[in-house]
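Quick note: the coordinates plus some simple rules give every number you see, no bench work behind them. Remember, predicted model here, so these are calculated numbers, not experimental data. Backbone-built Cβ (ideal geometry, glycine too); neighbour counts: all protein chains shown.
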Amino acid sequence: RPAGCMYSLTWQSSDAWNKVSSSFYIILSESMACLFGASMAFNKERAVIQREYESGVTRMPLYFIGRITADSLLWMFFPFIYHLIVYWISDLGGDSVSKYFASLAITLLLIQVVLSYTYVVVALIKHPVASTVVLQIMQMILTLFSGFMVKLDELGKFWIWIVYLSPFKYALPCFTVTIFWNTEISSPSGSTVSGVDFLNDTFGFQHDKFWLYVGLLFVLGIR
């Protein structure tokens, strides 16, 4: 669970790292819950939908429209409750209500992208166990290239295409920029640095690419 759930995080340099790690955990845990929940629901309905489609009772586009609508609403409710608790308990963004809603919006947008990826995998791989394994591997690889655990600018050219396809590469910088915007990080020596400069210097998260990354999340989430 997030380190911030143990106590309220401050804007000290040591806690700034905890704020980033908590942000990573939040988007990771919510996306994982969405991924496995949507895949299990789809696999349970596959046989019924396939039979109804072959008999002409229903059409696949209509089914997917209904499934996407239901899943989108469902996976907006639970992240809202989870984020409401974690954000304020850990003092993730201070007393800023606007940061709460901005970070929540990024989380919900990421979840829509993860839903899209999940539908692609379970539609292509019909075996429930095989699709679950592929989803687990995909989740681990995509989160690895979020920029939190691996420095993306030091990766070989072979891995670049995975970086561009990872929604976490776009979601985590956007999430943390909303949290660290208009803040000052203080060190034990007494020096201070702006929150966005801390993100850029430590993780390479650039605040001037915020809207570009939001747009790319919208593109990846189209289904």
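Note the full-extension length gain between residue 84 and residue 8 as 0.36 nm times their separation in residues minus their Cα-Cα distance, in nm to one decimal. Mind dumping the intermediate values first?
Working: separation 76, 0.36 × 76 = 27.36 nm, distance 1.45 nm.
Difference between extended and current length: 25.9 nm.
What is the sum of charges, Lys and Arg at +1 and Asp and Glu at -1, for the other residues whose Cβ falls under 13 Å from the Cβ of residue 131? Walk me through the numbers before you get to the answer.
Details: positive: 44, 46, 126; negative: none.
Net local charge, residue 131 excluded: +3.
Report the gain in length on full extension from residue 52 to residue 151: 0.36 nm times residue separation, minus Cα-Cα distance, nm rounded to one decimal. Spell out each step's value before the answer.
Working: separation 99, 0.36 × 99 = 35.64 nm, distance 4.83 nm.
Taking residue 52 through residue 151 to full extension adds about 30.8 nm, to one decimal.
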